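Read through the structure below, which is laid out as structure tokens, and then see the notes.
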Amino acid sequence: MDFSFYFDLPLWIRLTLQGLAVILVLFPIAAACSMAERKISAWIQGRPGPNRTIPPLLAWVPGIWILQKLGVFQLAADGGKFVFKEDPVPGGVNKFYFIAAPILAMIPALSTVTVVPFGAYLDSAGKLVPIVLANVDIGLLAVFAVSSLGVYAVILAGWASNSKYPFLGGVRASAQLISYELSMTLSVLPVFLWINAPGGQGTLSLFDVVQFQSQPGFWGGAWFVFTMPLSAFIFLVALFAETNRQPFDMPESESDLVGGFHTEYGAFKWSLFFVAEYCHMIVGSAVFILLFFGGWNPLPWVTLTDSVNALAGVLPFAAHPLFMGALGIAIFLGKILFSIFFFMWVRWTLPRFRYDQVMNIGWKKLLPLSIANLIAYTLGIALLHK
Amino acid sequence: MAVIQVERKPLSLAERTYIPQIIGGLKTTLKHFFQPTVTLQYPEQRPEISKNYRGVPTLVKDPNGREKCVSCQLCEFVCPPKAIRITPGEIPADSPHAHVEKAPQAFDIDMLRCIYCGLCQEVCPEEAIWLQNQFSMTGTSRAEMVNNKARLYELGGTLPDQHFKWDKKKAAEEHGNAH
Amino acid sequence: MSSDILFYLFAVLTTGSALAVVLNKNTVASALSLLISLVGVAALFVLLDAFLLAALMVFVYAGAVVALFLFIVMLLDTYGGDRKPFKKATIVASAFALALLVLGLMTFTRRGSLETSVSAATTEVVPVGASLRAYGEQLFTTYLLPVQIVGFLLLIAMLGVIVLSKKFEGLEDVK
Ligand code: SF4
Ligand code: SF4
């Protein structure tokens, strides 16, 4: 099959199609995550979770009760509710910023995914090509840059609501996000120092990180989580804080702030915040997997190319680039879903940290730890390349 | 009693990183994740309600099918939120229960007012009103939430006690022994 | 051509929101205008193929610095209250500064040095701000001294902040 007709299309059409594809993929995954969250919380707590809703029109379909038990229709009903519900704007809010905030929340959430590669395939020349919307050299920096804008949605929502709890939530969120951004950035530096060690390419591209983890040999095939466990740990903790997930969900912390920054929001605007949070989680775990868990490589020391070549011996169609691309995406998506499950698992296990604990962990523990980690690896890499 | 000062042990390094505890917690929740659910599918499966549960107040009959209430209106009087309305009535002379003083003509308990305090049951001299194990009252209008006499007896059923106070009284009268 | 249009678009956006920073009555709105202005500058960097600088601009300034500004504005003054009207001296001083700036630009353009520097830049193959490697090499070779000096300045500022904000117990004479 030839896809060259696609690349002959004008650029703007391609960009529009790719953008639409992102929205069409990310939105359902985010929505499914919200249902998964309810189901996982239910199972952890020994409940069945939502399992009743079913449109009467479909009730006759045999086997549909499985979907019903999984709460799929509940998800659709909830989504529909958000769209059709009255969307009130409380009196006394700053209308412009109040409405701008949820939109601002969506922009970074949806745009960071453009620089995240999902998979790779071998082109006819035998070269590995990433499947990514925009393969930029500064990949990781672009993700960090754009996702750091997400804090404004929270601050603005809190401020524009003209109400005390959202305001406190917004202030907490901004402090927390800024604090943990530092350790997050510092924790990934060793990875890139290693890749860009003298003689390396000089890049921040996420695709190259995965490439680096799929080299032959014992050290080449090791995922970074084995060679840099501390970096991975710091990154994971900072990721929890950056996505405002338990145990760091200070901005929302419903026991002391009602609903945090989105207390005054309802219906569709609230659902935008909700979807944005899940998009952040998806993109965040995607980056985490690319950096430390070998991206689309199925197992450590087993690369995608190897496994496709091995499969091609048994199944002839496996050599097709389309199959390889699909397999890569499937493996990567599987890893992302597991990581999201981990997020939820942690959320329904741990209590929330107190706010001063959050700040202490961020500034007095994680930051010095990540600096020490950076120095240690810098020295180590310098010695290795002596 | 002597006050015992319990020394607070300093946390070990591992404890201060929170990690062992977090892993322990994750293990526990994962175990629960794979365990069967412990909840009831409510409208289909009903919970076992204990015999002495005090739910919706109801009226009961004795084993002979006589309504025990003699409409003394004590419950109406005692009911704190004034949920009970009783219209006393005479028992027709040809009824087999004609020897009983009175019976309610109408007996309404407004379940939107009732606070399930059980005072009516406590005050009733005839043990005619009982808070039983009916625990869910729903309706789509205010009128539906008022239990009338027929509904109260339907909910209440029969109380299998063997007192037959009024029959004994009648028998005693017939033997010329009014008290 | 289309990049020309984009340049004018972002230039207008940048300068317009920069003006809004100064003129806005509401402090929070001012901070947000600053944010837009910085994003506009980042877009201009993109038009110059300086992707790295653009990303850094968004990451550091738009992502962190303005967030800190907003944070402080909100801490000090809950609802971003109104700014006081300008003092006469401020207006005079800023008009003077603007005149100086325009004058400086005029001399540059009149002497044609902008012209030559632009043509000199186009002969370079890799724009310095485009990739990590080119940028890093420049920082550690051509611009080593300025980088060190700026770093030293920042260090001094940081120490100053620590000294100012820390409470020294038993050292009353320090204050
Ligand atoms: S239920 Fe009992 S207390 Fe109430 S009127 Fe009847 S006999 Fe009297
Ligand atoms: S339970 Fe209490 S409130 Fe209800 S009817 Fe009896 S006395 Fe009234």
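Please identify every one of the GluC sites (Glu not before Pro) in the range B:1-72 that sits in a loop by DSSP and has no more than 14 other beta carbons within 10 Å of its own beta carbon.
Here the GluC sites (Glu not before Pro) that fit, given the DSSP loop and packing criteria, are B:GLU7, B:GLU44, B:GLU48.
What distance in nm separates the simple spin-label points at C:PHE108 and C:LEU19, each placed 7 Å from Cα in the Cβ direction?
Simple spin-label model gives 2.1 nm for this pair.
For a quick check of your reading of the filter: which chymotrypsin sites (Phe, Trp or Tyr not before Pro) in the range A:4-112 sit in a DSSP loop and have no more than 11 other Cβ atoms within 10 Å?
A:TRP60
Find, among the GluC sites (Glu not before Pro) in the range B:70-179, those assigned to loop by DSSP (not H, G, I, E, B) with at most 15 other beta-carbon atoms within 10 angstrom.
Filter output for the range B:70-179: B:GLU90, B:GLU101, B:GLU127.
With 10 angstrom as the radius, rank A:CYS279, B:CYS120 by how many other C-beta atoms surround their C-beta, starting from the fewest.
B:CYS120, A:CYS279
Taking 41 Å as R0, compute the FRET efficiency from the Cβ-Cβ separation of A:VAL314 and B:THR17 and round it to 0.05.
0.30
Check A:ALA120: other-chain or 5+ apart residues with amide H under 5 Å from its amide H, H built from backbone geometry?
The answer is A:ILE131, A:GLY328, A:ILE329.
Name the most mobile residue of B:PRO20, B:PRO88, B:PRO80, meaning the one with the largest mean-square fluctuation, in a Gaussian network model of chain B with Cα contacts below 10 Å.
B:PRO20
Per residue of A:155-165, count partner chain C-beta atoms within 10 Å of its C-beta, then hand back the mean as an integer.
Whole-number average of other-chain Cβ neighbours for A:155-165 is 2.
Which shape class applies to the range A:73-164: rounded if a/c is under 1.5, otherwise prolate when a/b exceeds b/c and oblate if not, where a ≥ b ≥ c are the square roots of the Cα gyration tensor eigenvalues?
Oblate, since a/c reaches 1.5 and b/c is not below a/b.
Using θ = phi - 60° and the Karplus curve 6.51 cos²θ - 1.76 cosθ + 1.60, what whole-Hz ³J(HN,Hα) does each residue of the range A:28-39 get, with Gly and Pro shown as x?
Karplus values, whole Hz, x for Gly and Pro: x, 5, 4, 5, 4, 4, 5, 6, 4, 4, 5, 5.
Check which residues have an amide H placed less than 5 Å from B:LEU131's amide H, if you skip close sequence neighbours.
B:THR58
What list of ³J(HN,Hα) couplings, whole Hz, do you get for the range A:261-277 from phi and the Karplus terms 6.51, -1.76, 1.60, once you set θ to phi - 60° and write x for glycine and proline?
Each residue of the range A:261-277 in turn: 4, 9, 4, 8, 9, x, 6, 5, 4, 5, 5, 5, 4, 4, 5, 4, 4 Hz.
Kindly put B:ILE84, A:ILE66 in sequence by how many other C-beta atoms sit within 10 Å of each C-beta, fewest to most.
With the sparsest Cβ surroundings first, the list reads A:ILE66, B:ILE84.
Hey, what do the phi angles of the range B:53-58 turn into as Karplus ³J(HN,Hα) couplings, whole Hz, using 6.51/-1.76/1.60 and θ = phi - 60°, x for Gly and Pro?
5, 10, x, 5, x, 9
Using a ≥ b ≥ c from the Cα gyration tensor of chain A (square roots of the eigenvalues), is it rounded, prolate or oblate, where a/c under 1.5 gives rounded and otherwise the larger of a/b and b/c decides, a/b for prolate?
Oblate.
Under 13 Å from the Cβ of B:LEU40, count the other residues' Cβ atoms, weight Lys and Arg +1, Asp and Glu -1, and hand me the total.
Local charge sum for B:LEU40: 0.
Considering lysine pairs in the range B:57-174 that are 8 or more places apart or on different chains, how many have Cα atoms under 13 Å apart?
Lysine pairs satisfying the spacing and distance rule in the range B:57-174 number 5.
Each value in this text was obtained by applying a stated rule to the coordinates, not by laboratory testing. For clarity, every value in this text was computed on a predicted model and none was experimentally measured. For neighbour counting, all protein chains shown are included, and Cβ atoms are generated from backbone atoms with ideal geometry for every residue, glycine included.
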